[in-house]
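A short worksheet on the structure shown next.
The values are calculated or read from the model by the stated rules, or taken from the named source; none is laboratory data. What you see is a predicted model; the values in this text were computed from it and never measured. All Cβ positions, glycine included, derive from the backbone under ideal geometry; neighbour counts span all protein chains shown. In case anyone asks, the SASA skips ligands and DNA or RNA and just uses the protein heavy atoms, side chains included. Shrake-Rupley method; radii C 1.70, N 1.55, O 1.52, S 1.80 Å.
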Amino acid sequence: MFKLRSKLLPVVMAFTIALGFSFNAVGDGHKGMKVPSIKSSVLMSGLDGPWDMGFLADGTMFFTEKCKGLSVRTKGGNVHKLYGMKGSKGYADSANDLFCSGQAGMLGVVADINFDKNRALYVYSTSTKYYGSGCKTNFEKCDGNIVMRFNVSKDLKSVSNRTDIVKDIQYKPFESNQPFGGPGAHNGGRLRVGPGGFLWVTGGDRHRGICPQDGSLLCGKVLRIDGDGKAHPGNNPPAGFDKRIYTYGHRNVQGIDFRPSDGRAFTAEHGPWHNDEITGLINGGNAGWDPAEKRAGRGACPDKYCGYEPNQKKGMDPAIRAAYTPMSDTRFSDLMPAAWNNNGFSQGTGSAAFLRGSNWGVYEGRLAVGIMGIGFGNTPPGKRIDLISITPDGLGINGIVRMPLGFNERFRGLVMGPDNALYVAVDAGKIYKVTAKLLN
Amino acid sequence: MFKIPWRIAIQNLLKISNFLFFLFVSTTALGGDKIAGEKRFNKTCINCHGPAGKGVASYPKISGNEIAYTTAKLEAYRSGIKQGPNSSLMIMFAKPLSDEEIANLAAYLKEAKYNN
């Protein structure tokens, strides 16, 4: 009897413990949390600086390589090189006016909302075509970034009828006395189609101090235009501004997407050694970046650009820089406050995409933000993708978690595919497919 | 008992020490320690220059160069000498490098390859 009891005891205890755990799991709501299993795989490799992707409903993926050109991966997995830049080989067509330098090159790509009918595709690139006489120094207009519209052939093997629908986004032609001082700095360059089918174009300040707050220049702006490059009739920039401008006062916007719940545009923007920002846009609003010299209590700055001051050549507390040249300067009454500022750090926000689809479970509707990771001073590099839950008013976040990928990369381009997977381009030459699946 | 003449003993000792010195120089100062170099590279350099120094975004490829070339570049940056548009960044990163770290980095980068 004693022996039998001693043998049964562990079994009974194990059963009781297991039962207890299962009751606890239900009791604390754990089973209802819908936490997805997130996995990644390499979709493409061996690429040269993949920058952006644009999808069709059937899974066809257009993609850009910054110094090569535009290509397409068909739903069957075949790759066709469509439109190359100067010096590129193997493309069906190419153009000598398109070039890359520093951060500039062939950047954003997106298909028209009515692609099935009009076969229209939009591409952002650096070009010498509209330089005119305005690029002799860094202190001139220098229209060196453009948005092109192409018609894509039905067999996806070529593009035709290039039309430059935006010809006057500024470009930095020469080196300057800044930490990232090479030509081609800060172009923005992300293209997305927003609610109603309008095209959104993100810009950068191209290291020119006056750009973000000057309403006659397209540098440091977010544009909302139609497929011909004309302003959306509802754009509401300040009086005297170019009507294509939706928002101004930006530094370098490489991420933009539209919140599924209300269609509001949110941008992801690089900070200058402080404060990467996620910002909910307001029509006509000011993102608050003003790196011009002799403003806001500042004196002269190297090459008339205060973007890395003070003491731009040495590491220092990001908070001091943030106070000197703020990303979101509160002296502007039309300031759009950031929802998130990366805890005061700048680690290089690349791109952003709202997670769409019930397969993302608790993360559905969160903004996935790619961080490229550059560690200056004591800032950790932070190469990662963050999943950010933004408050309904767009002025803050409910929470933030790191996407469990198991690897670190310079995450450059993020876009949702029609299969509700997240596609991610990294600077090292790969495009990943990240899937989410609910297990219960 | 067999005796080694003291002169021969000293000559042999000198030969051995010369050999050890040559071995030390060839694996550290001249060639550097590739493994230590890779470890140092992955600590900071990789964030801009990409895996194995292949070059990414606006940051140049730095692998495949001769040891003397990489060493000279890093030593110049460490001295605060400007060499191109991103010099301010490189000067900041090179300032704390020791001679040994530069040798190790140069040795690693000479043959570093990224299989993409």
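Rg/Rh for chain A stands at 1.06; both radii use Cα atoms, and Rh follows the Kirkwood definition. Solvent-accessible area per residue in chain A equals 40 Å², computed with a 1.4 angstrom probe and all protein chains kept. In segment A:303-440, inverting the average of 1/r over every pair of distinct C-alpha atoms gives 16.7 Å as the Kirkwood radius.
How much of the accessible area of the protein assembly as shown, in percent, comes from carbon and sulfur atoms when a 1.4 Å probe is used? The partial results should precede the final answer.
Values: 14150 of 24890 Å².
Carbon and sulfur together cover 57 percent of it.
Distant-in-sequence amide contacts of A:Gly285, defined by a placed amide H-H separation under 5 Å and a gap of 5 or more residues or a different chain, comprise A:Tyr248. In loop segments of segment B:70-116 as defined by DSSP, the trypsin sites (Lys or Arg not before Pro) with at most 15 further C-beta atoms inside 10 Å of their C-beta are B:Lys82, B:Lys113.
Counting only alpha carbon atoms, the long axis of helix A:2-27 and the longest principal axis of chain A meet at about 30°. In this structure, the amide hydrogen of A:His274, modeled 1.01 Å from its nitrogen in the peptide plane, lies closer than 5 angstrom to those of A:Ser346, counting only residues at least 5 positions away or on a different chain.
The phi torsions of segment A:111-121, fed into the Karplus equation with coefficients 6.51, -1.76 and 1.60 and a -60° offset, translate into couplings of 8, 5, 5, 9, 4, 4, 8, 9, 6, 8, 10 Hz, rounded to whole numbers, with Gly and Pro shown as x.
Within segment A:363-440, report the chymotrypsin sites (Phe, Trp or Tyr not before Pro) that DSSP leaves as loop and that have at most 14 other Cβ atoms within 10 Å.
Values: sites: A:Tyr363, A:Phe376, A:Phe407, A:Phe411, A:Tyr423, A:Tyr432; in loops: A:Phe376, A:Phe407.
Answer by residue number: A:Phe407.
Build a GNM of chain A with springs between Cα atoms under 10 Å apart, and of A:Ala319, A:Ala421, A:Ala353 the one that fluctuates most is A:Ala319.
About the centre of its Cα atoms, the protein assembly as shown shows a dipole size close to 1440 debye [charges on the beta carbon of Lys, Arg (+1) and Asp, Glu (-1) only; nearest 20 debye].
Across segment A:366-375, computed HN-Hα scalar couplings (Karplus, 6.51 cos²θ - 1.76 cosθ + 1.60, θ = phi - 60°) run 6, 8, 7, 10, x, 10, 7, x, 9, x Hz from first to last residue, x flagging Gly and Pro. Per residue of chain A, the DSSP helices (runs of n ≥ 4 H) give a summed -39500 (n - 2.57) that works out to -2500 deg cm²/dmol at 222 nm. Which one, A:Cys219, A:Cys211, A:Cys135, has the greatest fluctuation when you compute a Gaussian network model over chain A with C-alpha springs under 10 angstrom? Most flexible of the set in this elastic network: A:Cys135. Suppose we compare each residue of segment B:76-90 in its chain alone and in the full protein complex with a 1.4 Å probe; which ones drop by at least 50 Å² of accessible area? Residues meeting the cut-off: B:Pro85, B:Ser88, B:Leu89.
Compared with its chain on its own, segment A:352-400 contains the following residues whose accessible area drops by 40 Å² or more in the full protein assembly (probe 1.4 Å; ligands, DNA and RNA excluded): A:Phe376, A:Lys383. Surface calculation, 1.4 Å probe, protein heavy atoms: B:Lys95 sits at approximately 120 Å² accessible. Computed over chain A with a Gaussian network model linking Cα atoms closer than 10 Å, the most mobile of A:Gly229, A:Gly263, A:Gly32 is A:Gly32. Taking Cβ separations below 4.7 Å as the criterion for a possible disulfide partner, the isolated cysteines in the protein assembly as shown are B:Cys45, B:Cys48.
Using the structure shown, list the pairs from A:Lys221/B:Lys54; B:Lys61/B:Lys82; A:Lys313/B:Lys95; A:Lys172/B:Lys95; B:Lys34/B:Lys61 with a Cα-Cα distance above 21 Å, or answer none. Result: A:Lys221/B:Lys54; A:Lys172/B:Lys95 exceed 21 Å. Once both labels are positioned 7 Å from their Cα atoms along Cα-to-Cβ, the gap between A:Ser160 and A:Ser45 label points is 3.8 nm. Residues of segment A:410-434 that lose at least 50 Å² of accessible area (1.4 Å probe, protein heavy atoms only) when the other protein chains are present, relative to their chain alone, are A:Arg410, A:Ala428.
Computed from protein heavy atoms with a 1.4 Å probe, the total accessible area buried between B and A is close to 1800 Å².
With +1 assigned to the C-beta of every Lys and Arg and -1 to the C-beta of every Asp and Glu, and no other charges, what is the dipole magnitude of segment A:172-229 about the Cα centre in debye, to the nearest 20?
On the way: 7 positive and 5 negative charges, 26 e Å.
Computed charge dipole of segment A:172-229: roughly 120 debye.
Collect residues whose amide H, placed 1.01 Å from N in the peptide plane, falls under 5 Å from the amide H of A:Gly105; neighbours closer than 5 in sequence don't count. Counting only residues 5 or more places away or on other chains, the set is A:Thr126.
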